[in-house]
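A.B. asks: If you scroll down you'll find the structure; I have some questions about it.
The values are calculated or read from the model by the stated rules, or taken from the named source; none is laboratory data. Since the model is a prediction, treat every value here as computed from it, not as a measurement. Backbone-built Cβ (ideal geometry, glycine too); neighbour counts: all protein chains shown. These accessible areas exclude ligands, DNA and RNA; they are computed on the full protein's heavy atoms, side chains included. Shrake-Rupley method; radii C 1.70, N 1.55, O 1.52, S 1.80 Å.
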Amino acid sequence: MNQHARSQAAPIPFIDVAAQRRRLGTRMDEAVARVLNHCQFILGPEVHAFERELAAFCGARHAISCASGTDALLLVLMAKGIGPGDAVFCPAFTFCATAEVVVLAGATPVFVDVDATTFNIDAASLERGIATAEQHGLKPKALIPVDLFGLPADYDAILPIARAHGLFVLDDAAQGFGGSYKGRKIGTFGDATATSFFPAKPLGCYGDGGAILTDDDQLVAVIKSLRVHGEGADKYDNVRIGMNGRLDTVQAAVLLEKLKIFPDEIEARGRAAKRYDSGLGNVAIAPRVPEGSISVWAQYTIRLEPGRRDTLAATLKAEGVPTAIYYAKPLNRQQAYKQYPVAAGGVPVSERLSDEVISLPMHAYLDEATQDRIIEAVRRAFN
Ligand SMILES: Cc1ncc(COP(=O)(O)O)c(C=O)c1O
């Protein structure tokens, strides 16, 4: 194919939400129409049904839906009373919401480094971060591991450290819900797990949404109160400061339909990732999935030598292939977060990854012909 013919090819979507919408077809129309007919838009029957299905999907005792992944994280920190003087350990290489909620709760995020091959929290850096927090006069209180790009964090390495230091573990599974670690689905590793249903997420709705998963009955009661303005006996009885953090019924109806096809989509994402691995493994550093883990491939992220990424992105763009950079700056380098402590030894891996990573189109509806176009375009860019 010559350059001109290539540039004429149809642009490829980064995430093809429309392809999934076509598959869901009238089933989705009918699910939404049912809500429009019964008019219980707030905490209607679909919300409760979805919470039951979501908990069953991952094997957690409880699922509490809420308005976004950010609220899911914040509601848990609020419910645990985490606040001023408390240190909450977060990876430096993540989306800002992981640390944002810590600051919103009044506590201090302490940034720890990640592993270069999995992009997930590094256990040795976590140990150093705990010592750093103590040196700053902070009380180590909680850990927020992130299942970045869909890959579960290394729970066997980090949970013993968390237990030894009495840390509450809140898994940020906004990207990783649907993944598995050593035969168990994400949703039951932390004391609580938060996820996001932002439309681009592996399990996304048609707006904002999120959920908390936990086995802790007491935590459930407090979170349910917090998500309705700190209600007591009813919403006009206010027993604590809360928020308006509910998932709306239309989104729950959408999610009930999407959850039915989610297992099939997880497999399709896995197949697409394998095809990328074999097509690109010898031109870039492909993401590594450790033995025993199943990634849900929120992103397919390759690594290049620093300095090569911008040229690759520009070449691919000219051929209709979109790319994205998650994340161009680690959180400790962001203006809003640079005053917070960083684990002793710094976060050199997070800093290096920010210069090396680039993500390619990834979703469950990436057909082989389109994917081959992407793989060939990447390979050509390297020649
Ligand atoms: C790792 C991580 N945490 C939290 C969030 C926040 O989720 P939401 O956008 O639903 O608030 C996101 C969303 O992008 C995320 O990627």
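A.B. asks: Would the stretch 281-290 turn up any residue that is modelled with pLDDT under 95, polar (S, T, N, Q) and open to solvent by 30 Å² or more (accessible area, probe 1.4 Å)?
C.D. replies: Checking the stretch 281-290: at least one residue is modelled with pLDDT under 95, polar (S, T, N, Q) and open to solvent by 30 Å² or more (accessible area, probe 1.4 Å).
A.B. asks: Give the stretch 194-216 a look and list any residue that's away from the ligand (no atom under 11 Å from the Cβ) and either in contact with a strand residue (DSSP E or B) (Cβ under 6 Å, 6 or more places away or on another chain) or in a strand (DSSP E or B) (or both), or say none.
C.D. replies: Correct list: 212, 213, 214.
A.B. asks: What is the one condition in (1) in contact with a helix residue (DSSP H, G or I) (Cβ under 7 Å, 6 or more places away or on another chain); (2) within 28 Å of residue 178 (Cβ to Cβ) that residue 315 does not satisfy?
C.D. replies: Result: residue 315 fails condition (2) only.
A.B. asks: Separate question: Looking at the structure I just gave you, is residue 235 farther than 30 Å from residue 371 by Cα and either open to solvent by less than 40 Å² (accessible area, probe 1.4 Å) or not in a helix (DSSP H, G or I) (or both)?
C.D. replies: Spelling it out, residue 235 is indeed farther than 30 Å from residue 371 by Cα and either open to solvent by less than 40 Å² (accessible area, probe 1.4 Å) or not in a helix (DSSP H, G or I) (or both).
A quick yes/no check of all residues on (1) outside any helix (DSSP H, G or I); (2) modelled with pLDDT of 95 or more; (3) not aliphatic (A, V, I, L, M):
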site: 311; (1), (2), (3): no, no, yes
site: 321; (1), (2), (3): yes, yes, no
site: 345; (1), (2), (3): yes, yes, yes
site: 352; (1), (2), (3): no, yes, yes
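A.B. asks: Being more than 15 Å from the chain's Cα centre (by Cα), within 14 Å of the ligand (Cβ to nearest atom) and under 24 Å from residue 196 (Cβ atoms) narrows it down to one of 109, 145, so name that one.
C.D. replies: Answer to the selection: 109.
A.B. asks: Restricting to helices (runs of 4 or more DSSP H) lying wholly in the stretch 81-187: which have 1 or more residues that are open to solvent by less than 10 Å² (accessible area, probe 1.4 Å) and of a type in the set (Phe, Trp, Tyr)?
C.D. replies: 155-164
A.B. asks: Still on this structure: Using the structure shown, decide if residue 191 is away from the ligand (no atom under 16 Å from the Cβ), of a type outside the set (Val, Ile, Thr) and in contact with a Phe, Trp or Tyr (Cβ under 8 Å, 6 or more places away or on another chain).
C.D. replies: Against the criterion (away from the ligand (no atom under 16 Å from the Cβ), of a type outside the set (Val, Ile, Thr) and in contact with a Phe, Trp or Tyr (Cβ under 8 Å, 6 or more places away or on another chain)), residue 191 qualifies.
A.B. asks: May I pose another question? What number of residues within the stretch 12-46 satisfy the criterion of being under 30 Å from residue 272 (Cα atoms) and either open to solvent by less than 30 Å² (accessible area, probe 1.4 Å) or part of a loop (DSSP other than H, G, I, E, B) (or both)?
C.D. replies: 11
A.B. asks: Still on this structure: What do you reckon, is residue 226 modelled with pLDDT of 95 or more, open to solvent by less than 30 Å² (accessible area, probe 1.4 Å), away from the ligand (no atom under 13 Å from the Cβ) and in contact with a Leu (Cβ under 9 Å, 6 or more places away or on another chain)?
C.D. replies: Yes: the conditions hold for residue 226.
Matching residues to (1) in contact (Cβ under 8 Å) with a residue 24 or more places away in the chain; (2) of a type in the set (Gly, Ala, Ser):
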site	(1), (2)
211	yes, yes
220	yes, no
249	yes, no
274	no, no
315	yes, no
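A.B. asks: Quick one: residue 160 ticks every box in (1) without any contact (Cβ under 8 Å) to a residue 12 or more places away in the chain; (2) in contact with a strand residue (DSSP E or B) (Cβ under 8 Å, 6 or more places away or on another chain) except a single one, so which number is it?
C.D. replies: Result: residue 160 fails condition (2) only.
A.B. asks: Still on this structure, I have one more. On the given criteria, is residue 305 open to solvent by 60 Å² or more (accessible area, probe 1.4 Å) and within 30 Å of residue 183 (Cα to Cα)?
C.D. replies: No.
A.B. asks: Got a sec? Which of 354, 295 is in contact with a Gly (Cβ under 6 Å, 6 or more places away or on another chain) and open to solvent by less than 70 Å² (accessible area, probe 1.4 Å)?
C.D. replies: 295
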